[in-house]
1. Measure nothing fancy, just the Cα-based angle from helix B:643-662's long axis to the longest principal axis of chain B, in degrees from 0 to 90, nearest 10.
2. Test of the criteria: in region A:522-623, which GluC sites (Glu not before Pro) are in a DSSP loop and have at most 13 other Cβ atoms within 10 angstrom of their Cβ?
3. Please state the relative contact order of region B:417-523 as a whole percent: Cα pairs under 8 Å, 6+ residues apart?
4. Nearest 5 percent is fine: what portion of the DSSP beta bridges confined to chain B is antiparallel?
5. Restricting to region A:475-626, what percent of DSSP beta bridges are antiparallel, rounded to 5?
6. How much mean residue ellipticity at 222 nm does the protein assembly as shown get from its helices, if each DSSP H run of length 4 or more adds -39500 (n - 2.57) and you divide by all residues, to the nearest 500 deg cm²/dmol?
7. Enter the angle in degrees (range 0 to 90, nearest 10) between the Cα long axis of helix A:172-184 and the first principal axis of the Cα atoms of chain A, meaning the one along which they spread out most.
8. If the only charges are +1 at each Lys and Arg Cβ and -1 at each Asp and Glu Cβ, what is the size of the charge dipole of the protein assembly as shown around the Cα centre, to the nearest 20 debye?
Protein chains: 2
Amino acid sequence: MAKDLVNKKSKVHFEPDNVDIAVEPGANLLETAIQAGARIYASCGGAGTCGTCKVLIEKGEVATTRTAKVSAEEFRQGLRQACQSRIVTDLAVHIPVESRLETAVIDRERKGITTTNQQIEALATGWRFSPPLSKFFVELPPPTLRDNVSDLSRVLRGLKQRYKLKNMTVDFDVVKKLPQALRDSDWKVTVTTLVTAVERGATERRRPRVINVEAGDTREKHYSLAFDIGTTTVCGQLLDLNRGKTMAEGMDYNGQISYGADVITRIAYCQRPGGLQKLQQVVVATINGVIKQLLSRGHVDREHIGHLTVAGNTTMIQILLGLDPKYIRLSPYTPIATYLPPVKADSLGIKVGEHVYLFTFPLVASYVGGDIISGIVASGVHQRETITFYMDIGTNGEIVVGNSEWMVTAACSAGPAFEGGGVKHGMVASNGAIEEFDINRSTLEPVVGTIGREKPKGICGSGLINIIAALLEAEVISQNGKFNTDLPTRRIRKGDDGYEYVLAWAAETRTGKDIVITEVDIDNLIRAKAALYAGCQTLVKSVGMTCHDLEQVIIAGAFGSHLDIEKAITIGLLPELPLDRFVFIGNGSLLGAKLTSFSTDMLDDARRVAQVMTNFELSEDTTFMNNYIAALFLPHTDSSEFPLIAEKLARRAQNRSKKRVTA
Amino acid sequence: MAKDLVNKKSKVHFEPDNVDIAVEPGANLLETAIQAGARIYASCGGAGTCGTCKVLIEKGEVATTRTAKVSAEEFRQGLRQACQSRIVTDLAVHIPVESRLETAVIDRERKGITTTNQQIEALATGWRFSPPLSKFFVELPPPTLRDNVSDLSRVLRGLKQRYKLKNMTVDFDVVKKLPQALRDSDWKVTVTTLVTAVERGATERRRPRVINVEAGDTREKHYSLAFDIGTTTVCGQLLDLNRGKTMAEGMDYNGQISYGADVITRIAYCQRPGGLQKLQQVVVATINGVIKQLLSRGHVDREHIGHLTVAGNTTMIQILLGLDPKYIRLSPYTPIATYLPPVKADSLGIKVGEHVYLFTFPLVASYVGGDIISGIVASGVHQRETITFYMDIGTNGEIVVGNSEWMVTAACSAGPAFEGGGVKHGMVASNGAIEEFDINRSTLEPVVGTIGREKPKGICGSGLINIIAALLEAEVISQNGKFNTDLPTRRIRKGDDGYEYVLAWAAETRTGKDIVITEVDIDNLIRAKAALYAGCQTLVKSVGMTCHDLEQVIIAGAFGSHLDIEKAITIGLLPELPLDRFVFIGNGSLLGAKLTSFSTDMLDDARRVAQVMTNFELSEDTTFMNNYIAALFLPHTDSSEFPLIAEKLARRAQNRSKKRVTA
């Protein structure tokens, strides 16, 4: 009987996913939800500090440690942080809308990719269509006693005679399957070769590697995959290497998102026993899911995938390859390697043929990864003399300044504000997120627009910028980000976190609660934009320039595509430059992965760019710190950095004074 | 109850090994003996055709198919072919001395290696001591914020600064262990690099590969292994790469010997379900056993082995690497590849560190393998203008004619006679084998000497040659190999296989039976020597020469070392040349494996030799067939090939006629 009791599992039901799971009592509720496949978001990785994983216990009992993230009222209603709760009895759990990962955003982002691809392919120019992966068909004379060279020699001779290919290395697995392939096909086979990035600056020494042999003529089936492994999302493309065409696109949240929103929480998770293996497995599972989407959408068989090109930040790539990211987080922030040898994709658990190599982009530093190199290559920064500012505002904020001659780069610890993190009602850019915003100057009433035109649920990053810019221009907030509490509107009020502005009343929202923006939120965004702007200033200053010297600004990242440039300049996020200097490229990382799949020239470029780039560690740089402090203002404490905005704000203030005087 | 009966296992006890095993009734007795670890020999691989695996059933019952290899008398005594027997009840089995593998021979061969090494290292000359495996120690500055390049970049930079090493490729496993190794050792590490053979004729393009990194300075522990994987024996050496010294030698029978004596039976066995895997496993087990011997004798830790160089014939190498040798046996006899890429040794089950690569010598054809290339390189044939005849008489017979300019090669199907196969009382060259032999011209009584000075047990290959030469010179047999039945001696008698000569009476032998040499045995040896001689003739003729033009003869193989040159010439096995032109090099294959472990020059030589060598397929060559038929005589039908021997035999015949006349 006692044994029975011990062994009795708790049944847990999750809504609205409608999934069930049986686990040992005492199990962590967040982990149980992830395990059951419920869509739940935990931006701090289960540390209990973000409050994003709140769930409603509808039936049954949990043992919870209550933190400040759950109000007394919420606690009374049955809301619990899943990460802080252990299962006691059978449970029925509802995951409220604000704690859920929504998939709608993905379609929006997919559309973003497609659109911006067309733009960008004109940015990087001059590359030949010459994929690193090639297929060669040879019809060989069968062996005779007078010509009984080895099977492999026969194939290599055929490749040399017909295609002038020589000096090739051959994978052992090819040797293994060669005799059968030759004899199954009457000595007609298709050989797949791969050119991998070779030593720096020695492109002429490149030796193709024979990675596969197939019976018969399979040249028509010639595909590869390009991936961007982001901290938040994993995006993939299926590429037709005969036609230089994207066959299908797919995307999903990185499965690691349930273990933390940013690279720092992921690295911390890797330090737990089995943590690295776990995160490696979940991102591989995500990749496998996206591959499945791609194959099905493109009507392509798995066996015809011949290569896999992956761009991602340093942490994502190290975790994917099972390399402990520990030292990325510890000063002086060293990655393991900037050039990672290609590995067999199946050795990582990726479901492709055993001949498929996974190529990862070279990287620059712990916080400037292959995704940046990929984006730079895709946008052709290295091809032009134009002084370009490249910024990728994702979960991290990486910036590059340079041209074909030189490049400097830095990672700015912008924090998660642009993705809705650290913001009271912040959320990722999915349905119900407030993105568009304006304010009636007379009534101070807001006009809000949400993604998907649904009832408001929260605020996404681009929405936050739009809101703050509008509040600033309407003088609802001052240039230091504080509310003008004298204004005649009940929208401005004192809340738990100080003053706030009500964007939507409870009755109008999907959460049934008021959605507000607080002074703390504004302060967080000011810090984030200050970090990016100060980073840019530090880089341009290092080469004796100012932000006004930038001739082009390329904005990459899913977030960037939805950015209102004027408003971003207004708050001091982007430098004050003519609007025609700004270009959006969407997911530059994925685009670069695609272009290098199509062209070995671009592969060489990636190497060269990684070599040429000089990394600045801003975190302990005093110039940066001074720039940062000076940027903690809307748009900036130094009005010469934003002369037009400063003038506009000053004019408005004068007008107000005049009005007052008039009044 | 019924279930119990079905599951009851039979207990089988083997003597003199004193090992027990429990198996399902119905199991094959030979396989059971192998599984139990009893030392048993089955030269036909369990096909029932050789009769070498006869055992005595002392207790219990087996179900046996009786073949002609077991006489009625033997059957009555309880002798059974293990391969033809299935286990019925519990058993006590005695493996008689003639069915056992003895280890004494191994010590003899080991001594052989040591002696001949000293000889041979003078043969191959002019090579620098520059092992393909190198260790480099670097003390690196720890990273700082101003110098936080990746761990790998730091190491590569250190190697470049201190040792001028560049353009290296790096194994992924090295990347994986790098961060820990660096931080465990205060940034002082030892890096192991390997130069693998690269594309033909492009030595300047060789790129060292970083295969290992260890914390601290481990340069002192720098070892590699050289192996010869023979059809019959596996020989290994442990090499100190700092001092160019052999630390230990080890040897064992190839575990595959229980599955067939020659490559043909092994290839046949590979065609059974699981057969290839089985043979691969057993040779790996043998290699692991020899490695254990070597490490223990050399007092070296397994982890300090950095490389493994293997020479072997094409079949042995393909099986070792898990490559089906099927097409080696089928006309037109194609091997899978002549240049096999290096593979990780541990992926084959070889117990060494996971960084260790196994390098196999390039090969020429299905029956001229890397062991021949290795032997040629070791003996420096390719370095001299001297027209050299190189022969390796092992389980197969491979020959090479050539010099630094050109080389031709062929495999002669000599058959197993030189290793005691196909000979009624033949045996491998182990204790009790008759090796020395002379005959009293008056009494026609023999004088026999055995290996280990033990009671005679059988005849080994070199003994067979000595016996036949002596019988020929004493005119006991005629030049066509038939007995002179008129002679007044009871030693010559009619046996089951025609006429025979009794070498030792039952009372004097270890088997308790008469040991004889039969006309069939002599015929077998004549065929074997004819194949080799005809092969040599065919090769020299192909380059417009005769056997008398050969300026040097190098005899490799364990068998060769015990060959009496004069007697081998007498029977027409070796060409009639001055004795000082003959050199023994013992195990040339192992020696080449050792030299290439010490010198990348030799590694290059091996590639060049394999490329330069022209293979002749003798099996369907009419010139060879004519030469072969002409050589089926003692020493040869064409007395101009052996003028001195012909004269000597003629003189003796005259003397005899004179004596008769006198009498």
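All of the numbers you see were taken from the coordinates with simple rules; none came from a lab. What you are looking at is a predicted structure, and each value in this text was computed from that prediction instead of being measured. Heads up, the Cβs are rebuilt from the backbone with ideal geometry, glycines too, and the neighbour counts pull from every protein chain shown.
1. Relative to chain B, helix B:643-662 is tipped by roughly 20 degrees.
2. Values: sites: A:551, A:566, A:576, A:617, A:620; in loops: A:551, A:576, A:617.
Of the GluC sites (Glu not before Pro), the ones in loops of region A:522-623 whose Cβ has at most 13 other Cβ atoms within 10 Å are A:551.
3. Numbers: 219 pairs, mean separation 26.6, N = 107.
Relative CO of region B:417-523 lands at 25 percent.
4. Numbers: 73 of 106 bridges.
Here the antiparallel bridges make up roughly 70 percent for chain B.
5. Working: 9 of 13 bridges.
So the antiparallel bridges in region A:475-626 amount to around 70 percent.
6. Numbers: 36 runs with 424 residues, N = 1326.
Rounded to the nearest 500, it is -10000 deg cm²/dmol.
7. Long axis of A:172-184 versus the principal axis of chain A: about 60 degrees.
8. On the way: 152 positive and 150 negative charges, 105 e Å.
Rounded to the nearest 20 debye, it is 500 debye.
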